1. Only four residue types carry charge here, +1 at the Cβ of Lys and Arg and -1 at the Cβ of Asp and Glu. Report the dipole size of the stretch 84-207 about the Cα centre in Debye, rounded to the nearest 20.
2. Are there chymotrypsin sites (Phe, Trp or Tyr not before Pro) in the stretch 232-282 that DSSP puts in a loop and that have at most 13 other Cβ atoms within 10 Å, and which ones?
3. Taking the Cα centre of each part, how many Å lie between the stretch 179-243 and the stretch 57-126?
4. Among Thr205, Thr256, His285, which residue has its Cα positioned farthest towards the positive end of the charge dipole of the stretch 199-299, with +1 placed on the Cβ of Lys and Arg, -1 on the Cβ of Asp and Glu, and the dipole taken about the Cα centre?
5. With +1 on the Cβ of every Lys and Arg and -1 on the Cβ of every Asp and Glu, and nothing else charged, how large is the dipole of the stretch 252-307 about its Cα centre, in debye rounded to the nearest 20?
6. Rounded if a/c is under 1.5, else prolate if a/b is larger than b/c, else oblate: which is the stretch 161-307, with a ≥ b ≥ c the root eigenvalues of its Cα gyration tensor?
7. Give me the one-decimal nm value for the distance between modelled label points at Met101 and Leu203, 7 Å along each residue's Cα-to-Cβ direction.
8. Using the charge dipole of the chain (Lys, Arg: +1 at Cβ; Asp, Glu: -1 at Cβ; taken about the Cα centre), state which of Gln241, Thr97, Gly22 has its Cα farthest towards the positive end.
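What follows is calculated from the coordinates using simple rules that are stated; it is not laboratory data. Predicted, not measured: the structure shown is a model, and the values here were computed from it. For neighbour counting, all protein chains shown are included, and Cβ atoms are generated from backbone atoms with ideal geometry for every residue, glycine included.
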Amino acid sequence: MSNSQVSSNVVIPKPVKFLYGGLAGMGATVFVQPLDLVKNRMQLSGIGGAAKEHKTSLHAVRSILKNEGFIGIYTGLSAGLLRQATYTTTRLGIYTTLFDMVSGPEGQPPSFMLKACIGLTAGAIGAFVGTPAEISLIRMTSDGRLPPAERRGYTSVFNALSRIVQEEGVLTLWRGCGPTIVRAMVVNAAQLASYSQAKQLLLGTGYFKDNIMCHFGASMISGFVTTCASMPVDILKTRIQSMKVIDGKPEFKGATDVLIKTVRSEGVFSLWKGFTPYYARLGPHTVLTFIFLEQLNRFYKEVIAKK
């Protein structure tokens, strides 16, 4: 039996799948955190019909570098890493576990619809677990756009979590949990299912082998599909989680209120505001996450399993 056949027969333990999912997401976040920052700033620009702070993504980058310095583009990195350690660990671990459970007796992949259902389930559970880190990330990355007197000034994700609980109550950690879960369900159904499907299609052409080039192509296709599908929900989530409560009255009553006010004051296409940085962030993040995950899985099968 060849080494490749031995590797293909190795079963990766579930705890390792969860660990590798988180590590892959965290590794990708180190590279794309500046894009996440720009995406959030763009989505909050012009909120409520106010004058837009950033006309383009490049304008946002220049503004951040000018006002906050180079380190400023990595604001919220600790929250981004914790988000991946919680959200991505959970969703990818659950997805890969369920994927293996419903695969055929000889490893035949499940249907596209079943992949989408698995993605929805994994995304919903992962989003609930990761919402506290998510709200910390949104607040930390949006802080620099506020006047100095209004900034929250969180020093790290743990400082953010601690202060949110002390100042606003523990339930605030799950503010916007509903749209966060909906967004995650859309993202995962689109991202995970489209990645598996795109990879399957690319391998079927005969021009690709199961290597990094195939993973890259499938990830770019998956990232584009996911961006188109999830942006409207993402902008609602971002605005809810970044809002302040003034005199006991929140800026928005809920996701529907955000949707109505955003469309009314900024137009329906504002729901795709920041498309470029969103895809520029999601595309590479998807590519890097799946590449790291594939390489970690291969490392386990070809190195660790043989010891």
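1. Details: 10 positive and 7 negative charges, 51 e Å.
Dipole magnitude for the stretch 84-207 comes out near 240 debye.
2. Sparse-neighbourhood loop chymotrypsin sites (Phe, Trp or Tyr not before Pro): none present.
3. 9 Å
4. Farthest towards the positive pole: Thr256.
5. 160 debye
6. Details: a/c = 3.61, a/b = 1.78, b/c = 2.03.
Oblate shape, in that a/c is at least 1.5 and b/c is the bigger or equal ratio.
7. 2.2 nm
8. Toward the positive end, the furthest listed residue is Gln241.
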